[in-house]
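Asker: Mind having a look at this structure? Questions to follow.
The values are calculated or read from the model by the stated rules, or taken from the named source; none is laboratory data. Everything numeric in this text was worked out from a predicted model, so none of it was measured. We place every Cβ from the backbone using ideal geometry, glycine too, and count neighbours over all the protein chains shown.
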Amino acid sequence: MDYFLAVVLFAISSSVTPGPNNIMVMASGVNFGIKKSLPLLTGICVGFSVMLLLVGLGFSQLFELFPSLHFVIKCTGTAYLLYLAFLIARSTGDIKGEQQAQPLSFTKGALFQWVNAKAWVVATGAIAAFTSVGADFVAQNTLIAATFFVVSFPCVGVWLAFGSLLKKWLNKAEQRQRFNWFMSALLVVSVLPVIREIFLHVSPMS
């Protein structure tokens, strides 16, 4: 029971704290509302649970054999996050406008986990901290993934609900535009540590 409680607490703390997933969900809630953002929310929760399973079942060993692959994914993911920040910042701010972009789909939300730096940190950290050699590793890995699957819906959903509530106060295009700029800036800030790590990795090579 203590083990399961520890996994649940870790899942809650890592899922509800600010990160690229939650920032995107909240921005989607403001611009599109809860109903249209549900595919994105579901894709994030399902995608991360699948990622946990694959990492635990040996996907991380691939990176041990090919360290450069992990660095390539990290760079690609950071570039994609900055691109998403750009898309959020240039949003029209008018949810009724014909030029308003559509919210991210289930598939994009799921695939996004593989280029999300925080998702990698949480996934590898969870597997390292809550699995043990000699025990039923597959059962432990499955329990961790299932726990995150259940916990992530309400934890990430809080950010979606908060974004939808903000929509009532951000009822002018100018207000929503400023909010989008702010969320874009937060998304950029969230990847600054990863950008710093990339530069530190590259600088000795230059």
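Asker: Scan region 163-170 and tell me whether some residue there is over 27 Å from Gly47 (Cβ atoms), at pLDDT below 75, more than 22 Å from the chain's Cα centre (by Cα) and not in a helix (DSSP H, G or I).
Answerer: Within region 163-170, one or more residues are over 27 Å from Gly47 (Cβ atoms), at pLDDT below 75, more than 22 Å from the chain's Cα centre (by Cα) and not in a helix (DSSP H, G or I).
Asker: So, of the residues in region 147-160 that are surrounded by 15 or more Cβ atoms within 10 Å (Cβ to Cβ) and either among the small types (Gly, Ala, Ser) or without any contact (Cβ under 8 Å) to a residue 40 or more places away in the chain (or both), which turns out to be nearest to Arg178 (Cα to Cα)?
Answerer: Among residues in region 147-160 that are surrounded by 15 or more Cβ atoms within 10 Å (Cβ to Cβ) and either among the small types (Gly, Ala, Ser) or without any contact (Cβ under 8 Å) to a residue 40 or more places away in the chain (or both), the one nearest to Arg178 (Cα to Cα) is Gly157.
Asker: Pull out all pairs, ordered by first then second residue, where Cβ-Cβ is under 6 Å, the residues are six or more apart or on different chains, the first lies in region 118-138 and is modelled with pLDDT under 75, and the second is in a helix (DSSP H, G or I).
Answerer: Thr131/Phe137; Thr131/Gln140
Asker: Moving to a separate point now. Regarding Pro18, is this residue in contact (Cβ under 8 Å) with a residue 40 or more places away in the chain, on the phi < 0 side of the Ramachandran plot and part of a loop (DSSP other than H, G, I, E, B)? Before the answer, list the steps.
Answerer: Details: in contact (Cβ under 8 Å) with a residue 40 or more places away in the chain: yes; on the phi < 0 side of the Ramachandran plot: yes; part of a loop (DSSP other than H, G, I, E, B): yes.
Criteria met by Pro18.
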